[in-house]
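**Student:** Sharing a structure here in structure tokens format.
The values are calculated or read from the model by the stated rules, or taken from the named source; none is laboratory data. Values in this document were obtained by computation on a predicted structure and should not be read as measured data. FYI the Cβ positions are ideal-geometry reconstructions off the backbone, even for glycines, and counts take in every protein chain you see.
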Amino acid sequence: MDDMNLAAALHPEGLAVPRAVELPATMEAFLAQVQRRAFRVAEMGLGNADDALDAVQDAMLRLHQHYRQHPAQEWSPLFWGILRRRITDLQRRRKVRSIVVGWLGTAGEDGEDGPVWEPADALADPARAIAGRAAYADLSRAVRALPRRQREAFMLRVLEGLDVAATAQAMGCSDGSVKTHLSRAMEALRHKLEDWR
Amino acid sequence: MKPDTTADLDKNHPRRTEADLAARAHALFGSASEHIDGDTLRRLRAARVTALGTPRRRNLLPVLVPAGALAAAALALAVVWHPLRAPGSAPAVAGTGALLASANSSEVDMAQNLDFYGWLASQPQPAQAAQATSVQ
């Protein structure tokens, strides 16, 4: 992506730039504001609505327990950082369980479906009933196929619209790393979503 | 306002493509976030209420650190102060203990009733008492 500043490039459309969102007065208002997008991000990362709900609830709980006293402008990167770690934990746990089940050789032997924690191919919700539901499913699949750090950078920076500094804080890395991960993610997605042209 | 750096680019230019892709992905994500089914929304609301209803975990560090420092200081003071006091008082205790240990049972009894025997010693002897009666 050369030295392109994606945010600047997208500015006229008002996308991928930090949203001029009013700071929430209370933590309840903040959580109410962010819960839907948090669910979608978790769902995209985990491919499962129940796991996504667990991850979001846990992130809300931890934010409230540990960071309630922090200034409101810090809540957003803190929350997304907690959610990111929770998603990673669940993905790792799922991977271990998948390996164990693979060793035991119980899956698929008697014609049953695979393990229940396998990412669902389809995201069953009314969002898919709208015109772009197939495109959203394609996007979800493509994003899930990205390496973890690239996926996180894309979701936080492009989908959620955090600025570089907030994304770096949520990912626990430098601004430069965010730009690198995002650049690679965009490159990969451009190839995967050729049909979008 | 920053200029549109992609407006003049060819439609297939990588920068333009990526900008379009990001814009579309962002729009799709926003739309999907708006259209969440009622059951999931209810569960999200319940999760939020549960999270907010959970008592905040208290940070005990500001309490534990001074308490620990105080305890350590008290212990240090006791260690320093104790040897200074001990030489004066210890022999007296040890001496009494040694005397009692070497005495027989009647002497131990005496030692334990010193007040009584003190009073007894101050009383006049029987002979003196009889003499005093005859003089009268």
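Condition check ((1) at pLDDT 90 or above; (2) more than 9 Å from chain B (Cβ to nearest Cβ); (3) over 18 Å from B:GLY38 (Cβ atoms)) across all residues:
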site: A:LEU23; (1), (2), (3): no, yes, yes
site: A:MET27; (1), (2), (3): no, no, yes
site: A:ALA32; (1), (2), (3): yes, no, no
site: A:ARG40; (1), (2), (3): yes, no, no
site: A:GLY47; (1), (2), (3): no, yes, yes
site: A:ALA55; (1), (2), (3): yes, yes, yes
site: A:ALA59; (1), (2), (3): yes, no, yes
site: A:HIS64; (1), (2), (3): yes, no, yes
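**Student:** Given the structure, is A:ARG94 modelled with pLDDT of 90 or more and either surrounded by 11 or more Cβ atoms within 10 Å (Cβ to Cβ) or assigned by TED's automatic domain parsing to the domain that holds A:THR167 (or both)?
**Tutor:** The answer is no for A:ARG94.
**Student:** If the Cβ limit is 6 Å and pairs must be 6+ apart or interchain, which residue in segment A:51-77 that is within 16 Å of A:ALA38 (Cα to Cα) pairs with which residue that is among the charged types (D, E, K, R) and at pLDDT 90 or above?
**Tutor:** Short answer, once both residue conditions are applied: A:ALA52/A:GLU43; A:LEU53/B:ARG43; A:ALA55/A:ARG86; A:ASP58/A:ARG86; A:ALA59/A:ARG86; A:MET60/B:ARG48.
**Student:** Please identify the pairs in which a residue from segment B:28-49 that is among the acidic types (Asp, Glu) has its Cβ atom under 9 Å from the Cβ atom of a residue that is assigned to a helix (DSSP H, G or I), counting only partners at least 6 apart or on another chain.
**Tutor:** B:GLU34/A:ARG36; B:GLU34/A:ALA127; B:ASP37/A:PRO126; B:ASP37/A:ALA127
**Student:** Here's a check for you: in segment A:84-101, which residue that is in contact with a Phe, Trp or Tyr (Cβ under 8 Å, 6 or more places away or on another chain) and of a type in the set (Lys, Arg) is farthest from A:VAL56 (Cα to Cα)?
**Tutor:** To start, the set of residues in segment A:84-101 that are in contact with a Phe, Trp or Tyr (Cβ under 8 Å, 6 or more places away or on another chain) comprises A:94, A:97-98.
From what's left, of a type in the set (Lys, Arg): A:94, A:97.
Working: A:ARG94: 17, A:ARG97: 21 Å.
My answer is A:ARG97.
**Student:** Tell me, yes or no, whether segment B:46-68 has at least one residue that is more than 9 Å from chain A (Cβ to nearest Cβ), farther than 30 Å from A:GLN33 by Cβ and not in a helix (DSSP H, G or I).
**Tutor:** Yes; the residues of segment B:46-68 include at least one that is more than 9 Å from chain A (Cβ to nearest Cβ), farther than 30 Å from A:GLN33 by Cβ and not in a helix (DSSP H, G or I).
**Student:** Do the conditions hold for B:ALA22, that is, is it more than 7 Å from chain A (Cβ to nearest Cβ), assigned to a helix (DSSP H, G or I), at pLDDT 70 or above and more than 16 Å from A:GLU43 (Cα to Cα)?
**Tutor:** Considered against the rule, which asks whether it is more than 7 Å from chain A (Cβ to nearest Cβ), assigned to a helix (DSSP H, G or I), at pLDDT 70 or above and more than 16 Å from A:GLU43 (Cα to Cα), B:ALA22 comes out as no.
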